[in-house]
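Read the structure below first, then the notes.
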Amino acid sequence: MSGIAQRIVVPVVASPSRRWLRRYGLAAAGAAIIVAWLLLAIFAPWAAPYDPNFVDVAGRLKPPSSVHWLGTDALGRDVASRIIYGARISLLVGFTVVLIGGLFGTLLGGAAAYMRGWAEEALMRLTDLVFCFPPIILAMAIAAALGIGTGNTMIAMLVVWWPKFSRLARSLVITQRSLEYVEAAQTIGFGPAHILLRQILPNAVGPLIVLVTLDLGNAILVFAGLSFLGLGVVPPTAEWGAMVAEGRELVQQWWVATFPGIAILSVVMGFNFVGDGLRDWLDPHARNR
Amino acid sequence: MIRYVSSRLAMAAVMVVLATLVIFLISNTVPGDPVLTQLGDLAASNPATVAEFRHKWGLDLPLWDRYWIFLSGLAHGDFGVSIVSRRPVLEDIADYAPATVELASVAFLLSLVVGLPLGVMAAVKRDSWIDHVARALSLVGVSAPTFWLAFVMLAVFYGALDVAPGPGRLDPVSFPPARITGLLLIDTALQGDWDTFHDALAHLVLPSIVLAGATLGLITRTTRAAMLEALSQDYVRVAKAKGLRARIVVMGHALPNAMLPVVTLGGLAYANLLAGAVMTETVFSWPGLGRYTFQSAVSVDFPAIMAITAIVAAIFVLVNFLVDLSYALLDPRVVKK
């Protein structure tokens, strides 16, 4: 920025479609990735070329080829088929944990903010308490204590999952509850449950949806991690984290561990793309930039 | 200020005590049975052996008595005896902690040194190639599974290219230095053993990059967002209008104001690194707390699990407390509220 004669920057006005693409292109790509995985998961029996648990010892550790697109693992099972079936567990666990944990946390935080006083204090201290444990370690301890299995791991994750939602919901309700429409609803004589669920929640739901979306990827990551440690699914269930664990020692046969990892990466990135896009879309400041 | 600090401190102390209660209840009410995992099926079928085992480890006492024993032990610095290693848990932890502290510190340093400038540059040069690189990098960083990233790094740089050393803290042929702090880099430097120092440093490269991945992504993202916010404020426009140089506007005006969210995140991220080390340490055979935690969890070693979770929770509470304090220092308005 030197001299008087500065460059005059004329903003290049992009055509609407290009502007849309720049703003929401990644989000659309993310949505496409997620829809693709959802379809693969739902139609796994038709989409998978082989039975995911069919053992073929003679054809073990075969590199990717036209017969086995992503190669075979140490037991000769088709890696591609196992990845497709693995999508079922990952997506199911991700959605279950985030939806149930999110619902519980949101209701708790919303109720706390709306009730105020000692009830709010008690509920939020409880939230802080669970929050002060690193999720993966607490989930690991619980999962190990409950015993290995998908259901138990989901329970362990649920125990540690809700606090962030109750914190966000509380701060959202606090900003909303002092607004005039809430006062109006109280004057009309609606009860607290009606006001909280029917009046405040719809107005505050945007940031919650963003958190849910971003968190779906996170939940899938944590579950895959627990599975990788052997605390997730019972073998021989096809699951992405467990598949990476099975291929961990096989550096020469890189395809066994690499492809399931790429599957995790793609799903998590998909949810991050969509979450970021939603956040921009909901935030008028970001939308106008 | 003193009132603010003391009330935060009291709160932190209460949280730590409550945290021990939560840990205790979880580890004692769940069905996992250390008797079976420790004695094996054959011995566990003999009632006398089982009773003796339960009595020896105090498993036959009422729940509250056991919590009281646990708590008064903690107050004396006694974290109990590991059922697996049969050593005091605190000794185990003291053995394993330095490896994790060293790894997490290097990883944290790495993510700060790369993440902060990258986030600032991405915000200043918005929509430029550096912004795109920063965003792509941070997105991959937060999306890639740590354990998978660890495998890929090992497979590529150790397996295929052979430019990095394999798993572990040192080569098998290297002699570990006499233990002073347990941090290999510091111990070797103090003793002037530079060959081993280089070996330890080389072994740190891959695991610290892997561990830094997620934190790096978060720090870059947060710095970029906070800087964008700060740069759009009126005081930045005023500073520019006054004719201050761009560098001074960015570094002197915008950056200090953008630091608040980064400090919060940075503090929590460091505490999370200690916890996140579980995956990295497993893949890299790193003899640290993460692996110890995992092994204790798998063998349902209650005293060890309880001690580790209590310590990690205490670290979290402490870090939160420090973050609150730095808030008060960075933003005087916080204390007034």
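The values are calculated or read from the model by the stated rules, or taken from the named source; none is laboratory data. Owing to the predicted nature of the structure, the values given are computational and were not obtained by experimental measurement. Please note: Cβ atoms are built from the backbone with ideal geometry, for glycine as well, and neighbour counts cover all protein chains shown. Side chains included, ligands, DNA and RNA excluded: accessible areas come from the protein's heavy atoms. Shrake-Rupley method; radii C 1.70, N 1.55, O 1.52, S 1.80 Å.
Numbers for the structure displayed
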quantity: Amide proton proximity set for residue B:81, modelled H, under 5 Å, gap of 5+; calculated: B:89
quantity: Chain pair A, B: total accessible area buried, heavy atoms, 1.4 Å probe, Å²; calculated: 3700
quantity: Where B:281, B:229 fall by accessible area, highest first, once all protein chains stay in place (1.4 Å); calculated: B:229, B:281
quantity: Pairwise label distance in nanometres, residue A:47 with residue A:122, each label 7 Å out on the Cα-Cβ vector; calculated: 4.7
quantity: Label-reachable residues, segment B:263-289, where backbone N falls under 20 Å from a point 7 Å from residue B:171's Cα toward its Cβ; calculated: B:284-287
quantity: Rounded tilt (10° steps) of B:302-330 against the dominant C-alpha axis of chain B; calculated: 20
quantity: Length gained when the stretch residue B:201-residue B:69 is fully extended (0.36 nm per residue, less Cα-Cα span); calculated: 43.3 nm
quantity: Alpha carbon Rg of the protein assembly as shown, scaled by the compact-globule rule 2.2 N^0.38 Å; calculated: 1.03
quantity: Anchor residue B:242: aspartates and glutamates whose Cα lies under 17 Å away (excluding residues fewer than 8 positions away in-chain); calculated: B:234
quantity: Chain B: angle of helix B:34-44 to the longest principal axis, Cα-based, in degrees nearest 10; calculated: 30
quantity: Burial order of peptide ranges A:103-110, A:227-234 (average beta-carbon count within 10 Å, highest first); calculated: A:227-234, A:103-110
quantity: For segment A:70-287, convex hull volume per residue from C-alpha positions, Å³; calculated: 133
quantity: Separation in nanometres of the label points that stand 7 Å from Cα toward Cβ, at residue B:52 and residue B:90; calculated: 3.0
quantity: Average accessible surface area per residue within chain B, 1.4 Å rolling probe, Å²; calculated: 49
quantity: Residue-normalised accessible area of chain A, expressed per residue, 1.4 Å probe, Å²; calculated: 49
